[in-house]
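All of the numbers you see were taken from the coordinates with simple rules; none came from a lab. The structure presented is a predicted model; accordingly, all values stated were derived computationally and were not measured. Cβ placement follows ideal geometry from the backbone for every residue including glycine, while neighbour counts extend to all protein chains displayed.
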Amino acid sequence: MNKNSIKEAFQHVRYGEIDEIKSNVNKNNVNDFINEYNENLLQEAISSNSESIFDYLLNCGIDVNHQDKNGKTALHFSVAHGNYLFTKKLLDFKPTQIDLKDNYGNNAMWVATFNARGKYDFVELLKKYGADSNSKNNSHRSAIDFANQIGDNELIKILT
């Protein structure tokens with residue numbers, strides 16, 4: 001796989017060019033497309049909000065647990081980008097490891113909690129699927145610790 005092919009594939013994802021993706025990406029090579037940030041095409045599809053490409057890549061067997069240079073997985077991306085549909089699809093996709101940590105020790109629950117700001121749908125979804133709200137990051141802080149710190153009683157109730 002050469003650098004130009006990889007760059008072009010990421011560009012096709014960014015522009016939502018599903019036909020180009022289908023003609024160049026398949027189950028045999030889907031995990032070969034990694035950019036300079038160590039992101040895979042699924043992470044790019046999430047960032048670009050491309051549902052058809054997201055679904056196609058899942059069907060090709062892309063590594064949903066692949067971690068970029070910051071240790072973030074597709075689940076980290078979907079939560080951080082506020083895409084509930086992608087998050088739900090990833091959680092329903094059995095290979096997804098819900099509590100993988102990024103380089104800072106944050107799992108997806110930490111990301112959801114940090115970004116909640118009075119909107120708890122991602123926190124509730126992750127909790128429903130069994131995400132660990134007690135998981136400590138590299139600063140020895142859990143999602144519950146953060147909720148306590150900011151005094152968000154509703155968030156604390158959901159997390160405990």
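Summary of values
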| read-out | value |
| --- | --- |
| Calculated FRET value between residue 19 and residue 138, using beta carbons and R₀ = 45 Å, to 0.05 | 0.60 |
| The range 104-143 shape via C-alpha gyration tensor axes, a/c threshold 1.5 | oblate |
| Nearest-20 debye value, the range 14-139 charge dipole, Cβ charges on Lys, Arg, Asp, Glu | 520 |
| Global geometry of the range 49-119, whether rounded, prolate or oblate, following the gyration tensor of its Cα atoms and the 1.5 cut on a/c | oblate |
| Positive-pole candidate from 144, 97, 129, dipole of the range 31-160, charges at beta carbon | 144 |
| Helix-only [θ]222 nm of the chain, DSSP H runs n ≥ 4, -39500 (n - 2.57) each, per residue, nearest 500 | -14000 deg cm²/dmol |
| Cut-off 9 Å between beta-carbons: net charge of the residues surrounding residue 38, Lys and Arg +1, Asp and Glu -1 | -2 |
| When each of 88/127; 127/157; 3/72; 22/69; 89/127 is checked by Cα-Cα distance, pairs over 19 Å | 3/72; 22/69 |
| For the range 1-156, alpha-carbon Rg over 2.2 N^0.38 Å | 1.08 |
| Order of 140, 12 - criterion: other Cβ atoms within 10 Å of each residue's Cβ, fewest first | 140, 12 |
| Cα-based shape type of the range 1-44, given that a ≥ b ≥ c are square roots of the gyration tensor eigenvalues and the cut on a/c is 1.5 | rounded |
| Relative exposure of 27, 136, judged by other C-beta atoms within 10 Å (fewest first) | 27, 136 |
